[in-house]
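Input: a single structure, listed below in structure tokens.
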Amino acid sequence: MARRKIIAGNWKMNKTPSEAKALVELLAPLVKDADAEVVYCVPAIDIVPVAEAIKGSNVQLGAENISDQDAGAFTGEISADMLLDAGVKYVIIGHSERRQYYKEDDAFLNRKVLKALEKGLTPILCCGETLEQREAGVTLDWIRLQIKSDLQGVTAEQAASMVIAYEPIWAIGTGKTATSDQAEEVCKAIRDTITDIYDSDTAEKIRIQYGGSMKPANCKELLAKPDIDGGLIGGAALKADFAEIVNYNK
Ligand code: PEP
């Protein structure tokens, strides 16, 4: 069965609640006929107003972070139950900015993945190499290690429902995009890793995105690759460009 493409915007720390509402209103008519699944991953404070604004539309809601804990004395955190109650379906886990600035390591990210799945949220699990790692030729080994560590204890059925985003760190927010061949090589290696951990059926079902300066000018070529099932979009998700990516096949 063909995998449905999934195009997700990662708004990062942008858009106040009123700005968020305006962006959803701008994009709504532009993305409404998309063949791809469309997801807005928004800051915690925007979740409730965006949930309201996308009601009845073809857009799904995502969060940018989740606690590995259920509830209680964890100041500043947001739980899976809170996200679910607000209408969230997807959650980004392990974005390189969280790995780098907030020192989230693979053991911690693995707990977040398990918590999201246990509660019925779909993780968008990010992985990616630095420029130094790419130049040292260790990209594929590094990515395999991240995937294996972050998926510890995840069942095949759970893995099949997930999204993995390959995001080379050197391409995020830099304007530098991986070539479609570079992106395909790593996305295929991720799928092969899923076959190694589980089986080929699980690998055929899991969706793998590319992220890193994806824009209207390069999305068609990237999304034409057999192992690239969508995009995780940062900068371009904050403007009408996002709709052009969503409608890449029109
Ligand atoms: C991201 O932050 O996930 C991302 C891909 O950002 P950008 O598209 O701006 O490179």
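The values are calculated or read from the model by the stated rules, or taken from the named source; none is laboratory data. Here the structure is a predicted model, which is why all the values come from computation and not from measurement. Quick reminder, even Gly has a Cβ in these numbers, built from the backbone with ideal geometry, and neighbours come from all protein chains shown. Heavy atoms of the whole protein, side chains included, go into the accessibility calculation; ligands, DNA and RNA do not. Shrake-Rupley method; radii C 1.70, N 1.55, O 1.52, S 1.80 Å.
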> In percent, how large is the relative contact order of the chain, given Cα pairs closer than 8 Å and 6 or more residues apart?
Replying inline: 21
> Per the Kirkwood formula on distinct C-alpha pairs, the Rh of the chain is how many angstrom?
Replying inline: 18.0
>> So if I average 1/r over every pair of distinct C-alpha atoms in region 1-61 and take the inverse, what Kirkwood radius in Å does that give?
In response: 11.9
> So what is the diffusion coefficient of region 74-123 in µm² per second by Stokes-Einstein at 25 °C and 0.890 mPa s, using a Kirkwood Rh over Cα pairs?
Replying inline: 215
>> Can you show me the helix-derived [θ] at 222 nm for the chain, built from DSSP H runs with n ≥ 4 at -39,500 (n - 2.57) apiece and divided by the number of residues, rounded to the nearest 500.
In response: -12500 deg cm²/dmol
> Which ³J(HN,Hα) values in Hz, rounded to whole numbers, follow from the phi angles of region 55-66 under the Karplus curve 6.51 cos²θ - 1.76 cosθ + 1.60, where θ = phi - 60° and Gly and Pro get x?
Replying inline: 3, x, 9, 8, 9, 9, 9, x, 10, 9, 6, 8
> With charges set only on the Cβ (+1 for Lys and Arg, -1 for Asp and Glu), what does the dipole of region 153-197 come to about its Cα centre, in debye to the nearest 20?
Replying inline: 140
> When DSSP assigns beta bridges and you keep just the ones with both residues in the chain, what percent turn out antiparallel, to the nearest 5?
Replying inline: 0
> Using the beta-carbon distance between ASP70 and THR195 and R0 = 35 Å, what value does 1/(1 + (r/R0)^6) give for FRET efficiency, to the nearest 0.05?
Replying inline: 0.60
> Which residues in region 40-56 place their backbone N less than 14 Å from a point set 7 Å from the Cα of ASP85 along the Cα-to-Cβ direction?
Replying inline: 48
>> Name the residue from LEU61, ALA28, ILE47 whose Cα lies farthest towards the positive end of the charge dipole of region 10-74, charges +1 on Cβ of Lys and Arg and -1 on Cβ of Asp and Glu.
In response: ALA28
> Given charges of +1 on the Cβ of Lys and Arg and -1 on the Cβ of Asp and Glu, with all other atoms neutral, how large is the dipole of the chain about its Cα centre, in debye to the nearest 20?
Replying inline: 520
> So what is log10(I(q)/I(0)) for region 98-219 at q = 0.15, 0.23 1/Å, when the Debye sum runs over its Cα atoms only?
Replying inline: -0.67, -1.44
>> Averaged across orientations, what area in nm² does the convex hull of the alpha carbons in region 155-229 project?
In response: 4.8
> Can you give the translational diffusion coefficient of region 1-119 in µm²/s, computed by Stokes-Einstein from the Kirkwood radius over Cα pairs at 10 °C and 1.306 mPa s?
Replying inline: 105
> Non-local amide H neighbours of ILE208 (under 5 Å, H modeled in plane, Pro and chain starts lacking H): which ones?
Replying inline: ILE164, ASP229
> Over the alpha carbons of region 125-186, what is the largest minus smallest coordinate on each principal axis, giving the biggest first in Å?
Replying inline: 35, 21, 19
>> Under the rule of at least 5 residues apart or a separate chain, name every residue whose amide H is placed under 5 Å from the amide H of THR122.
In response: TYR90, VAL91
> Of the lysine pairs in region 58-209, how many meet both conditions: Cα atoms under 16 Å apart, and a spacing of 8 or more in sequence or different chains?
Replying inline: 7
> Counting only protein chains, not ligands or nucleic acids, how are THR179, THR122 ordered by accessible area (probe 1.4 Å), most first?
Replying inline: THR179, THR122
> Direction-averaged shadow area of the convex hull around the Cα atoms of region 36-75, nm²?
Replying inline: 3.7
> Which of the trypsin sites (Lys or Arg not before Pro) found in region 18-87 are in a DSSP loop and have at most 16 neighbouring Cβ atoms, other than their own, within 10 Å?
Replying inline: LYS32, LYS55
>> Using 0.36 nm times the number of residues separating LEU30 and ALA156, minus their current alpha carbon distance, what extension gain do you get?
In response: 41.8 nm
>> If you roll a 1.4 angstrom probe over the protein chains with everything in place, what fraction of the accessible area of the chain belongs to carbon and sulfur, to the nearest %?
In response: 53
> Using a 1.4 Å probe, what is the accessible area per residue for the chain, in Å²?
Replying inline: 45
